[in-house]
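Notes to accompany the following structure.
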């Protein structure tokens, strides 16, 4: 078996050439019983959503500089299929309200998410970008599929991030789903977690 030398904060370690991981994962494989249990993809996506939410809040609160922050849509997998060499081009701070060439103009809604997620202080903000002025409706459903709330926004600003605040009221902690509808057409569905 051919090996390559990888480095981390502890030092160097040999990693098999046919493996795509680095020193930290190789060290974990060597000393811990990992890699034998398959993790459900929904858990991985949930962790990515939580990390993304934390990055958005940190960028908003200026805890990170926001210049290197790449805000990507989770769920459709398009981020993982793109080349990773030009992260700093998004979001564009151009000041002009034109659709950037890398965003799909075929979609009415781009990048629909809420922050904070999980919700811990009884309030969250839904954020999304629209490609044209259209009436927006956000429906929130529980796990049983019952609609628990509806939010609306008339005449959002095109090619800008728009926000709708939501107070969860007396809803119990758990997993909920929110869909966004533009002119009667369902565009995207996201997971919303209400924490304790």
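Sub-9 Å Cβ pairs linking a first residue in segment 28-39 that is assigned by TED's automatic domain parsing to the domain that holds residue 15 and under 21 Å from residue 12 (Cα atoms) to a second residue that is at pLDDT below 65 and in a loop (DSSP other than H, G, I, E, B), at least 6 apart or interchain, are 28/34; 28/35; 29/35, ordered by first then second residue.
Residue-by-condition table, conditions (1) touching a strand residue (DSSP E or B) at 6+ places or on another chain (Cβ under 9 Å); (2) under 19 Å from residue 46 (Cβ atoms):
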site: 108; (1), (2): yes, no
site: 120; (1), (2): yes, yes
site: 142; (1), (2): yes, yes
site: 146; (1), (2): no, no
site: 154; (1), (2): yes, no
site: 157; (1), (2): yes, no
site: 162; (1), (2): yes, no
site: 167; (1), (2): yes, no
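The values are calculated or read from the model by the stated rules, or taken from the named source; none is laboratory data. Quick caveat: nothing in here was measured; it's all calculated off a predicted structure. Because the Cβ atoms are built from the backbone with ideal geometry, glycine has one as well, and the counts that use them run over all protein chains shown.
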